[in-house]
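The values are calculated or read from the model by the stated rules, or taken from the named source; none is laboratory data. Fair warning: this is a prediction, and the values are worked out from it, not measured in the lab. Cβ coordinates were reconstructed from backbone atoms using ideal geometry, including for glycine residues, and neighbour counts include every protein chain displayed. These accessible areas exclude ligands, DNA and RNA; they are computed on the full protein's heavy atoms, side chains included. Shrake-Rupley method; radii C 1.70, N 1.55, O 1.52, S 1.80 Å.
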Amino acid sequence: MKPVGFQFAQPDTLAEAMQMLRDVSEDTKIMSGGQSLGPMLNLRLARPEKIISIAGLSELREVDEGEGFIEFGTALRHAEFEDGSLPEPISGMMRHVAKGIAYRAVRNRGTIGGSLCHADPAADWITALTALGATVRMVSAQGDTRDVDMTRFIHGAYRTELNSDELLKSVILPRYSSSAVWGYYKTCRKVGEFADAIASWVADPKKRYSRVVFGATAGAPIVSIPLSRQIAVTGIVPSKEVIKAELERLAPDLDRVKKHLLAVALQRCTKQALNHD
Amino acid sequence: MGTGIGARVARKEDARLLSGQAKFVRDLKFPRLLEAAYVRSPLAHGRLKSVTIPEKYKDRVFTASNLSDVLPIRPESTLPGYKASQQYPLVKDKVRFVGECIAICVAPTRAEAEDIAEQVIVDIDPLPPLVNASDAKTRDAPRLHDDWDDNLFLTTAFDGDLEFAEKNATVVIEREYNTARQCMNPMEGKGTLSYWDDKAGQLVVYTSTQVPHLIRTGIAQYLQMDQGQVRVIAPDVGGGFGYKCVLQPEELSVSWVARKLKRPVRWVEDRREHLVAGANTRQHHYKLKAYADDRGKLLGIDAEITVDIGAYSVWPFTACLEAAQAGGNLPGPYALEGYRCKTYSVATNKPGFTPYRGVARPGVCFAMELTIDAIARAVGREPADVRRENLVPGSAMPYTNVTGKFYDSGDYQHSVTEAARAIGLEDFRKRQKEARTQGRFLGLGFGTFTEQSAHGTKVFAAWGLPLVPGYEQAMVKLTPSGSVEVRSGNHSFGQGLETTIAQVASEWLTVDIDKINVLMGDTGMTPYSTGAYASRGMVMAGGAVSKAAEELVKRIKIHASHLLQCDAKDVALKDGKALSGAASVDFADIARAWYLRPDQLDEDVDTAGLEVTQGYKPDIDTGVFTYATHAAIVEVDPETGKVSFEDYYVFEDCGRRVNPLILEGQTYGGAAQGIGTALFEEVLYDPSGQPLTSTLADYILPGPAELPHFRLEHSETPSPYTRHGIKGVGEGAAIAPGGAVLNAINDALEPLGVELNELPATPHKILSAIMDADRPEEVAG
Ligand SMILES: Cc1cc2nc3c(=O)[nH]c(=O)nc-3n(C[C@H](O)[C@H](O)[C@H](O)COP(=O)(O)OP(=O)(O)OC[C@H]3O[C@@H](n4cnc5c(N)ncnc54)[C@H](O)[C@@H]3O)c2cc1C
């Protein structure tokens, strides 16, 4: 379990990194925290000729607090969210999610943007940030910037909107009002392992926002518009039967245990959210 | 306080192990060292047609055709009907499991060796795979070994009398039980480094093993060398659990290449190799019929046990050990009159079965303990009571059971009484009822077992093994400076033997263990021992050290009597001094006189010297039996299938406790592994025999957050048959958790109509069972 030989570049600036990205081929990989790429390299599932490390680029570790939004640099680490050293677009949720990712050693290096780009269906940020209505910002080697909504960024398991000459620069989150509520619940075999089922619900009456998302399905996180509406309107936890029927419509291929776990996760996260003050 | 037997002292070896100073195979440095990687079979079953090596790597890659002077590993057994398998260290004609070694590639670094391995092309004609034992057992199943007429390594039958049971039983319980295939996952996997030493004329093999002397014998045998030409050194070893008690094919191929190239060669197993090619243990199937009366008294058991052996028999323990142990130990601690048992050891396309901590007993204990609880439910009684009443009573000791096991001592029933008291049985039943009204599912389960330890010559001979353990030897000496040195051919690989045998020497010699140097693992420097397995280390190596130390004490006293001008029988030892009345001499003085200033000794001095090697065997050969009862309280979340522990209590009796601290560590570690067996660990295969659990993200091991806070208590019933009354204890705690935890889960889920008879009890299985039972109104509470 040793990687194939590769060149390793550590640019000092974003501009330099973009220059490198322009010059190279398909076989180049960006490395952020290395916590997903590392295993892929060791298993030789990733076989890059060159790796460009962006972990140390200060431009990618910035936080921009605008009116109505916060923009987080891609290379901010899970541990930084966990420790509460960053501003929060919604009270406590990002800390809660970060804290539940893997083990501290992984959180010390793993980054929010790396997690999104890796797009493991069972990962936490892709589901949490979908529930939070995030937008991701990408820059291309030519210097073009484009923004896409999280719901369009993840195409499926390990597939994203990114082109090979593009880099994820930041994640932009809308700010929520103080009356916003959130719930995030996952089931795992073991503390620190990837989830078997994830559900999240975020709602902000002031913004007329409500979104239900299921994660750890076989592909991209699944948004349920009917359930989002139902919970917002009724303010009560939906029954398992209702949730399972919706999952039957959205993802009929999931096995019965998975559907059941997703239903339980949604019930528990809505209960959590509704008990929040 | 002294550091002798019974002292609760920290381990000598911890200073180096915990500060990164230990030297494992991976830490060794040699000039011109080559690292090895293997080309492994991508298929479970097939005929190897060709191996194509790129021209530029011809001298870097070796296959079976190069190793033509190496004999295939072919462990024989004297058991009637046993069929031997032949395993070439590199596949010669047929691949028989995914991950089997086909070619060895060497390069200055492991990464480069893997680069080469990727470029070697193997052409295999696929054959239908035998993925499970029940299919492989059928008449028309394809053959794994071409010269066999079926896929059975061995079938055994124990034909007891069930007539009384059949006639008088009012309750008959029929069940099938399954245990999963597992990997042992020592922190350090296998690892071997070999080089040819021209001066010594020896192949020197550093290898991560529990049994260095056996490996020396094995390497010499299969590489067709004289044992004098082989020196095996086990350096620091990061856990064994049985995984490293057998000859590894890699030890042969690495050694062959090292000898051929006259360069040091090393291979270190990585976790993926372990999880694929090391998936070699625990998988049993039981068909069991139990007869009982209306009080739940067991009258008889009729069992059929199938062990999924995998492709090959391991050397020296063979493919038969597991089933032989299973058939012999199924009745366990119970006083059972009627017993019939058939066992099948079935060849399948998986890595060859290797004995793992507890050997067979985690399986039989699981089957037996679930059966006891099923009987208790059937007769409507408290499982603890039914269990207790069925156990061999203390008053019957020593007791020979239905399979001829000689239980040397102990009070098994007392262990259940204690466990029930400590876990708060009566109070629990009240709490359980209350919790159910709140939609919470609590359950209590017990697991009781005996751990045959240090079983010796006769037992192993009866299992038909090619190599049988006998006398254990040890050397104890006084060094020229008066400190003590202990040499043992057994090995310490995390279980603390390095400290505990020093404690035995300390007991006799009155010297603190800090001043006792222990040398182990090097066949060039230690007396012969078959090594550490079968919970024999403490009993056997401890006994041998004790005997040698006793003799050394005699000699020290004689020498001291010269220096003290008194009679040897008037000399006493204390704190590393020899005393006679008010006069005393240090061991240093005694040693100096013998080694450096013999002129100070009388002419008629005893010339046997101050280095003593002795051989030891307990008074009985049949093993001494540790026993325990585990009790677990769990809560099952019926919505997520998650099991959490409220309490876990162990009552254990392992005879004289040499070091209570180390003993507790052994019990915690074993129980943790047992909980892995109970709830988490499972090697899965797809229908073509491809393993699906090849990383630790798929093969789940319990971590600290998944484990209960274990509570332990001990009683001490010394064995009448061993030195110091010691019994073995290394394996025990891994035996009971499967039974105790599943009983607890079944107790919790009874209102839902759920009974799980399969390990591990994963959330997926629990949820599926709840869904199948379909009592949603009960889940809602
Ligand atoms: C033992 C273990 C347990 C884990 N458990 C969990 C868990 O419970 N939940 C969870 O969510 N995650 C878990 N993870 C994954 C972890 O969160 C990783 O940190 C994360 O998935 C990847 O982030 P990274 O910064 O390490 O990215 P890297 O590993 O560096 O990169 C991942 C991928 O993204 C690409 N990439 C990275 N940054 C960019 C960028 N800016 N632009 C374009 N492409 C980019 C890389 O090329 C690579 O393909 C676990 C990991 C481990 C090792």
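Which residues, taken from segment A:45-54, are near the ligand (Cβ under 8 Å from one of its atoms) and open to solvent by 40 Å² or more (accessible area, probe 1.4 Å)?
none
Which of the residues spanning segment A:57-77 are within 11 Å of the ligand (Cβ to nearest atom) and open to solvent by less than 10 Å² (accessible area, probe 1.4 Å)?
Matches in segment A:57-77: A:L57, A:L60, A:G73, A:T74, A:A75, A:L76.
Mind checking whether some residue in segment B:712-727 is open to solvent by less than 30 Å² (accessible area, probe 1.4 Å), under 22 Å from B:E758 (Cα atoms) and not aromatic (F, W, Y)?
no
Can you name the number of the only condition in (1) acidic (D, E); (2) under 24 Å from the mean Cα position of the chain (by Cα); (3) surrounded by fewer than 24 Cβ atoms within 10 Å (Cβ to Cβ) that B:E251 fails?
With respect to (1) acidic (D, E); (2) under 24 Å from the mean Cα position of the chain (by Cα); (3) surrounded by fewer than 24 Cβ atoms within 10 Å (Cβ to Cβ), B:E251 is out only on (3).
Would you check if there is a residue in segment A:220-234 being buried (at least 20 other Cβ atoms within 10 Å of the Cβ), at pLDDT 95 or above and within 16 Å of the ligand (Cβ to nearest atom)?
Scanning segment A:220-234 turns up at least one residue that is buried (at least 20 other Cβ atoms within 10 Å of the Cβ), at pLDDT 95 or above and within 16 Å of the ligand (Cβ to nearest atom).
Cβ-Cβ distance below 7 Å, separation of 6 or more or different chains: which pairs start in segment A:98-119 with a residue that is at pLDDT 95 or above and among the charged types (D, E, K, R) and end on one that is open to solvent by 50 Å² or more (accessible area, probe 1.4 Å) and near the ligand (Cβ under 6 Å from one of its atoms)?
A:R109/A:Q35
Find the strands (runs of 3 or more DSSP E) located wholly in segment B:572-658 whose residues include 2 or more that are open to solvent by 10 Å² or more (accessible area, probe 1.4 Å), and list them.
B:572-574, B:577-580, B:583-586, B:611-616, B:643-653
Only one of these is within 14 Å of chain B (Cβ to nearest Cβ), more than 29 Å from A:H118 (Cβ to Cβ) and among the β-branched types (V, I, T): A:V237, A:V242, A:V264. Name it.
Step by step, each of A:V237, A:V242, A:V264 is checked, and only A:V237 is within 14 Å of chain B (Cβ to nearest Cβ), more than 29 Å from A:H118 (Cβ to Cβ) and among the β-branched types (V, I, T).
Which one of the conditions (1) loosely packed, with under 15 Cβ neighbours inside 10 Å; (2) within 30 Å of B:L465 (Cβ to Cβ) does B:S41 fail to meet, given that it meets all the rest?
(1) is the only condition that B:S41 fails.
Return only the number of the condition from (1) more than 12 Å from chain A (Cβ to nearest Cβ); (2) out of contact with any Cys (no Cβ under 6 Å at 6 or more places or on another chain); (3) assigned to a helix (DSSP H, G or I) that B:G739 does not satisfy.
So B:G739 meets the others, but not (2).
Considering only residues that are touching a Leu at 6+ places or on another chain (Cβ under 7 Å), away from the ligand (no atom under 13 Å from the Cβ) and polar (S, T, N, Q), which ones fall in segment A:78-125?
Scanning segment A:78-125 gives no hits.
Of all residues being within 14 Å of another protein chain (Cβ to nearest Cβ) and open to solvent by 50 Å² or more (accessible area, probe 1.4 Å) in segment B:103-154, which is nearest to the chain's Cα centre (by Cα)? Just the residue, please.
Ranking the candidates gives B:T109 first.
So which residues in segment A:1-19 are away from chain B (no Cβ under 14 Å), assigned to a loop (DSSP other than H, G, I, E, B) and open to solvent by 80 Å² or more (accessible area, probe 1.4 Å)?
A:Q10, A:D12
Please find, within segment A:162-188, the residue that is nearest to the ligand (Cβ to nearest atom) out of those that are surrounded by 22 or more Cβ atoms within 10 Å (Cβ to Cβ) and within 14 Å of chain B (Cβ to nearest Cβ).
Checked segment A:162-188; the qualifying residue nearest to the ligand (Cβ to nearest atom) is A:K186.
Only one of these is in the same structural domain as A:E166 (by TED's automatic domain parsing) and in contact (Cβ under 8 Å) with a residue 24 or more places away in the chain: A:A79, A:A17. Name it.
Exactly one of A:A79, A:A17 is in the same structural domain as A:E166 (by TED's automatic domain parsing) and in contact (Cβ under 8 Å) with a residue 24 or more places away in the chain, namely A:A79.
Residues that are within 25 Å of A:R256 (Cα to Cα), part of a loop (DSSP other than H, G, I, E, B) and away from the ligand (no atom under 16 Å from the Cβ): does segment B:664-681 have at least one?
There is at least one residue in segment B:664-681 that is within 25 Å of A:R256 (Cα to Cα), part of a loop (DSSP other than H, G, I, E, B) and away from the ligand (no atom under 16 Å from the Cβ).
Given the conditions (1) outside any helix (DSSP H, G or I); (2) crowded, with 24+ Cβ neighbours inside 10 Å, which single one is not true for B:V539?
If we test B:V539 against (1) outside any helix (DSSP H, G or I); (2) crowded, with 24+ Cβ neighbours inside 10 Å, just (1) comes out false.
Quick check on my filter: what residues within segment B:750-764 are within 14 Å of another protein chain (Cβ to nearest Cβ) and open to solvent by 40 Å² or more (accessible area, probe 1.4 Å)?
Across segment B:750-764, the qualifying residue is only B:H764.
On the basis of being touching a helix residue (DSSP H, G or I) at 6+ places or on another chain (Cβ under 6 Å), of a type outside the set (A, V, I, L, M, F, W, C) and either away from every other protein chain (no Cβ under 14 Å) or assigned to a loop (DSSP other than H, G, I, E, B) (or both), does B:D308 make the cut?
yes
For residues in segment B:576-591 being more than 43 Å from the chain's Cα centre (by Cα) and in contact (Cβ under 8 Å) with a residue 24 or more places away in the chain, which is farthest from B:T510 (Cα to Cα)?
The qualifying residue farthest from B:T510 (Cα to Cα) is B:D589.
Any idea which residue in segment A:22-44 is nearest to A:K169 (Cα to Cα), counting only those that are near the ligand (Cβ under 10 Å from one of its atoms) and either open to solvent by 50 Å² or more (accessible area, probe 1.4 Å) or among the β-branched types (V, I, T) (or both)?
Among those residues, the one meeting the criterion is A:I30.
Which one is nearest to A:G73 (Cα to Cα) among residues in segment A:146-180 that are assigned to a strand (DSSP E or B) and of a type in the set (G, A, S)?
Per the stated criteria, the residue is A:S170.
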